[in-house]
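Peer 1: Following this message is one structure expressed as structure tokens.
Laboratory data are not the source of any read-out in this text; all were calculated from the coordinates shown. Since we're looking at a predicted model, the values are computed, not measured. Glycine gets a Cβ as well: all are built from the backbone with ideal geometry, and neighbour counts include every protein chain shown.
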Amino acid sequence: MMSEAPVLSVRDLEVSFATKRGVARVVRGVSYEVAAGETLAIVGESGSGKSVSTLALTKLIPIPPGRVTGQALLGDDDLVPLSERQLLEYRGTRVGYVFQDPMTSLNPVHTIGRQLTEHTRYHLGLSESQARERAVELLEQVGIPAAESRLDDHPHQFSGGMRQRVVIAIGLACDPDVLIADEATTALDVTTQAQILDLVRRLQRERGMAVVWITHDLGVVAGIADRVLVMYAGEVVEQAGVDTLFDLPRHPYTVGLLESLPVLGDLERRDLTAIPGLPPPPTHLPEGCAFHPRCAFRHDERCATERPPLTEVAPGHSIRSFYAVPEEAARAASTAARLPEPGSDRTTDPEGRDDARSGRT
Ligand SMILES: Nc1ncnc2c1ncn2[C@@H]1O[C@H](COP(=O)(O)OP(=O)(O)OP(=O)(O)O)[C@@H](O)[C@H]1O
Ligand SMILES: [Mg+2]
């Protein structure tokens, strides 16, 4: 699989917005590749640029004030220079989206059936009855009971969780080359979440769909990702295979994220929240390493003056830091973050967690 050409290859992506407070540099030099059948998870605190970096691939951001540079290669096609009209051949079809806010992707005045069939009719050339059949199949796949009888309902007749599943069905409707799922299962109960993750994994196996999965939930990352990209202040600060990221994270930010996971008994909410301090606003990024003001491993003046390059610490494992976290501290954070698979009732070893966390306070 590794020798195959990537389905999606993002190179040096930059996104900025002209704002009243100055230029907001929201995505800064982001590069990654996703192969057929592979899942790349993107994690990071609120505001780190996860949504914008993926929306920008098909210019789903206001331009202007937004500006996008770099490359977004879907196969051999670079999407960045394409016109709005040309992008219609990709957006929602070859690049499927599950948007973070389901209400922005569902039109309240149209039936669920219409919203599920318009793309497939236009882009896959299905007849009305074929498109309705496909819509029923998609709704059943995402776990909506009596799907056929729900096609003529409007979004407000669905519960929040069911709307979310409809949005997932729309993302999958045109059999995309790459699915971008932005907090796609965050609002769902664990059982439904596990069902959706199974569905996505099956589509990946059967059709080689590449997936970019954005989430705050490290349990979901452990359950679905092959590789993980950690973003901070618009940059990739660490990139590694999923096991490496959990076993031996080396960037101070990632280590902080794993250490800050809520303690046992709160497994439902494993959000990335509790590193002291706040991320910098994208209009006023600090000099040097963007993370240095919050860094527990900060070494010297260099951190405050020079922007660290993304550097390989092991094959396939890179960090954007002058100093890798020592292995002992990295392993302690890893123990703290040992998570159950989403939907399983395997519990975390309380001793392991307590040991790892006691060093901090
Ligand atoms: N149209 C816009 N104009 C100016 N700034 C914007 C615009 N859209 C997004 N931003 C800024 O870009 C930054 C990144 O936003 P983004 O939505 O990508 O964050 P995120 O990582 O997805 O966060 P969350 O986890 O909360 O979803 C934020 O600081 C946001 O305020
Ligand atoms: Mg977001």
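Peer 1: Could you tell me which of rounded, prolate or oblate describes region 75-184, using a ≥ b ≥ c as the square roots of the eigenvalues of the alpha-carbon gyration tensor, with rounded for a/c under 1.5 and, failing that, prolate when a/b is larger than b/c and oblate otherwise?
Peer 2: Note, shape of region 75-184 comes out prolate.
Peer 1: Which one of 286, 220, 5 is farthest out on the positive end of the charge dipole of the chain, using unit charges on Cβ (Lys, Arg +1; Asp, Glu -1) and the Cα centre as origin?
Peer 2: Of the candidates, 286 comes out farthest on the positive side.
Peer 1: Based on Cα coordinates alone, diagonalise the gyration tensor for region 145-234, multiply each eigenvalue by 5, take square roots, and list the semi-axes in whole Å, largest first. Intermediate values should be presented prior to the final figure.
Peer 2: Numbers: eigenvalues 117, 51, 31 Å².
Working through the eigenvalues yields semi-axes of 24, 16, 12 Å.
Peer 1: Turning to a different aspect of this structure: Give the calculated FRET efficiency between residue 306 and residue 190 to the nearest 0.05, with a Förster radius of 41 Å applied to their Cβ-Cβ distance.
Peer 2: On the way: r = 44 Å, r/R0 = 1.07.
For residue 306 and residue 190, the calculated efficiency is 0.40.
Peer 1: According to the Kirkwood expression over distinct Cα-Cα pairs, how big is the hydrodynamic radius of the chain, in Å? It would help to have the intermediate numbers written out before the result.
Peer 2: Details: mean 1/r = 0.0469 Å⁻¹.
The Cα-based Kirkwood calculation yields 21.3 Å.
Peer 1: Expressed as a rounded percentage, what relative contact order does region 83-201 have, with Cα pairs under 8 Å and six or more residues apart?
Peer 2: 40 percent
Peer 1: Here is a further query. I'd like to compare 122-135, 57-70: which one has the highest average count of other Cβ atoms within 10 Å, and what's the full order after that?
Peer 2: 57-70, 122-135
Peer 1: Related question: Mind ordering 276-287, 241-252 by average Cβ neighbours within 10 Å, highest first?
Peer 2: Values: 276-287: 14.3, 241-252: 22.1.
Descending packing order for the listed peptides: 241-252, 276-287.
Peer 1: Per the helix-only calculation at 222 nm, which mean residue ellipticity applies to the chain, given -39500 (n - 2.57) for every DSSP H run of n ≥ 4 and division by its residues, nearest 500 deg cm²/dmol?
Peer 2: -9500 deg cm²/dmol
Peer 1: Kindly provide the GluC sites (Glu not before Pro) of region 166-238 that DSSP labels as loop, not H, G, I, E or B, and whose Cβ sees at most 16 other Cβ atoms within 10 Å.
Peer 2: none
Peer 1: How many nm is it between the label spots at residue 20 and residue 156, if each spot is 7 Å from the Cα in line with the beta carbon?
Peer 2: Taking the simple label geometry, residue 20 and residue 156 are separated by 3.3 nm.
Peer 1: Calculate how many DSSP beta bridges within the chain are antiparallel, expressed in % of all such bridges and rounded to the nearest 5. Write out the running numbers ahead of the final one.
Peer 2: Values: 31 of 49 bridges.
Roughly 65 percent of the DSSP beta bridges within the chain come out antiparallel.
Peer 1: What's the Cα-based Rg to Rh of region 17-144, Rh via Kirkwood?
Peer 2: Ratio value, two decimals: 1.00.
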